[in-house]
Every structure is written in C-alpha cells, then in structure tokens.
1. Filter region 215-224 for residues that are surrounded by fewer than 17 Cβ atoms within 10 Å (Cβ to Cβ) and either assigned to a helix (DSSP H, G or I) or touching a residue at least 12 places away in the same chain (Cβ under 8 Å) (or both) and give the result.
2. Could you list, in sequence order, the residues of region 157-214 that are touching a Gly at 6+ places or on another chain (Cβ under 6 Å), touching a residue at least 60 places away in the same chain (Cβ under 8 Å) and part of a loop (DSSP other than H, G, I, E, B)?
3. Just wondering, is there one or more residues in region 25-42 that are touching a residue at least 12 places away in the same chain (Cβ under 8 Å), in contact with a Cys (Cβ under 7 Å, 6 or more places away or on another chain) and either assigned to a helix (DSSP H, G or I) or not assigned by TED's automatic domain parsing to the domain that holds residue 98 (or both)?
4. Output yes when any residue across region 48-57 is of a type outside the set (A, V, I, L, M, F, W, C), under 24 Å from residue 111 (Cα atoms), part of a helix (DSSP H, G or I) and modelled with pLDDT under 95, and no when none is.
5. Being of a type outside the set (Val, Ile, Thr), closer than 16 Å to residue 13 by Cα and touching a strand residue (DSSP E or B) at 6+ places or on another chain (Cβ under 9 Å) is the filter here, so list the residues in region 105-124 that pass it.
6. Return yes when residue 70 is at pLDDT below 95 and in the same structural domain as residue 140 (by TED's automatic domain parsing) and no when it is not.
7. Which numbered condition in (1) assigned to a helix (DSSP H, G or I); (2) at pLDDT 95 or above is the only one that residue 97 fails?
8. What is the residue count in region 101-118 for residues that are in a loop (DSSP other than H, G, I, E, B) and modelled with pLDDT under 95?
Amino acid sequence: MSEKERSLAVLIDADNASPLIIDGLLAEVAGFGTASVKRIYGDWTRPNLSGWKAVLLEHSIQPIQQFGYTVGKNATDSAMIIDAMDLLYTGSFDGFCLVSSDSDFTRLAARIRESGKVVYGFGEMKTPKPFVAACDRFIYTEVFASDASEDTDTSPSIKKLPTKDLRRNSKLLQAIRKGIATASDEAGWAYLGGLGLYMSKAIPEFDPRNYGYQKLSELLEAIGLFEIQKKGDMVYIRSKQKQDKA
C-alpha cells in the first residue's frame, strides 16, 4: 500500500501543540495518507485553548472535552491514549499521527507500532528523545513556522545552517555516508530517493527542513562533501572520497 492510500487517525494534544502549525501539519499529513479521523483533546473551558477554537471548524477537527479532575494529573493525555487504543482495535486505520511534545505518548507510539501500524509523530524540538524514537517518522513542528514565514516575509524560525556547521554534525554525516553505502551501486552512486528512505528509517526525526533546507538535495549540496548527478528525473549521489578512489 502506498502512503497516499493510507487511512490515518490524527490525534492532537491541544495542551502541547500550537494552533499556528495547523495548516502545515495537515498539509504534511496529506502527504502520508488520508486523515480519516481528526480529533483534538483538551479542557475547552480553559482560556489558554481559545486559539484552537478558531481553527477547528475550518479544518473539520473534532474537539474532545476532557476536564482536569485532579490537579497535577494530565487527564487530556489519558483521554487521547484511550481513544487511540479504541481506534486501533477497530482495525480501520493504517497509521496514526500523534501531535504532542509530551513524552507520555512514548508507550502509546510503541504499542501502535507493535500492532503493525505506522506512527507519525509531530512535536517541538524540545520533545523528549524516547517519544521521537518510538515513532516511524517524527516531524518537528518548527518547520511549519518556517514554511509559513516564506509567505509572510517574516524571519523563518529555522535558518539555514552554513556549510561549516553542517560538516561539524558527525551524526548527520555518518548517517548520510552509511545510507549511500547501503544504497549504492558498484560505482558508488546511490539513488537520492533510496538515501532519503534510509535516512528516515535510521533517524526518525531526520528532515532537511530541520537544517533550513527544503529538499535533501539542497542539504547535500550545502554540505559540499558529496557529488550529485542528475539523469532525467532521477538524482544520484556519491561521496567525493569514493569518487577520488575510483
């Protein structure tokens, strides 16, 4: 089944997500499949969620009311987890989109994946690593603010990292080189799409936009340690070190 054919359940923790990301969020979800269910959880009697109320009708998102019965306990998380499990048991969904920066959803993400479903996580860069790692893919919501800024002429929240900073990121470079080695032919050339697939599997939160670049090819060009070759609509990449040895 292709990503476009997937039926997805989008569950949003209103206490840990901003309404400013909604356009970018739903556009991203559309690239993964069809949002068959869109629900958002919170105590809608509280004024801090007023920003969400304006966008719910526009995007057909169903608000789920959850009162905070006990101080210090997050009833919203519990309601969202229970709903997610109920939806999982219906067998009607191919994947889940969990929108929160809260580590409380780590076990939920792991449990859904154990059932053979895809989990896409969305949260801020402060999201604890265990939750990020528990998802098949994790997209930092700051990239949506960056995308929106291009239309509003405001400064993007994620600026392009210069070449020197990218080359200092040993984790990134190691993953790219490993991906090229895994997907390359005898001449050392790897299909860019194959490299991107490897990167998303090796690093759930990998996204060129996290470094200020819209496409993987742009990020690789900025690093400057890889040779890029285009053949029609196909793009291939190999390490310059590999080229020098050829």
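The values are calculated or read from the model by the stated rules, or taken from the named source; none is laboratory data. Note that the coordinates shown come from a computational prediction; the quantities given were computed from them, not determined experimentally. As a convention, Cβ positions derive from the backbone with ideal geometry for all residues, glycine included, and neighbour counts pool all protein chains shown.
1. The initial filter retains those residues of region 215-224 that are surrounded by fewer than 17 Cβ atoms within 10 Å (Cβ to Cβ), namely 215, 218, 221, 224.
218, 221, 224, listed by residue number.
2. As a first pass, look at region 157-214 and keep what is touching a Gly at 6+ places or on another chain (Cβ under 6 Å): 158-161, 163, 183, 195, 198-199.
Adding the requirement that they be touching a residue at least 60 places away in the same chain (Cβ under 8 Å) leaves 160-161, 163.
Selection gives 160, 161.
3. Scanning region 25-42 turns up at least one residue that is touching a residue at least 12 places away in the same chain (Cβ under 8 Å), in contact with a Cys (Cβ under 7 Å, 6 or more places away or on another chain) and either assigned to a helix (DSSP H, G or I) or not assigned by TED's automatic domain parsing to the domain that holds residue 98 (or both).
4. Quick first cut of region 48-57, residues of a type outside the set (A, V, I, L, M, F, W, C) only: 48, 50-51, 53.
Those left that are additionally under 24 Å from residue 111 (Cα atoms): none.
Scanning region 48-57, I find no residue that is of a type outside the set (A, V, I, L, M, F, W, C), under 24 Å from residue 111 (Cα atoms), part of a helix (DSSP H, G or I) and modelled with pLDDT under 95, so the answer is no.
5. Step one: filter region 105-124 for residues of a type outside the set (Val, Ile, Thr), giving 105, 107-111, 113-117, 120-124.
In the following step, the residues that additionally are closer than 16 Å to residue 13 by Cα were identified as 105, 107-109, 120-124.
Correct list: 105, 108, 109, 120, 121, 122, 123, 124.
6. Values: at pLDDT below 95: yes; in the same structural domain as residue 140 (by TED's automatic domain parsing): yes.
Considered against the rule, which asks whether it is at pLDDT below 95 and in the same structural domain as residue 140 (by TED's automatic domain parsing), residue 70 comes out as yes.
7. (1)
8. Our first condition is that a residue be in a loop (DSSP other than H, G, I, E, B); within region 101-118, this holds for 101-102, 115-117.
When the remaining residues are screened for being modelled with pLDDT under 95, the result is 101-102.
The qualifying residues number 2.
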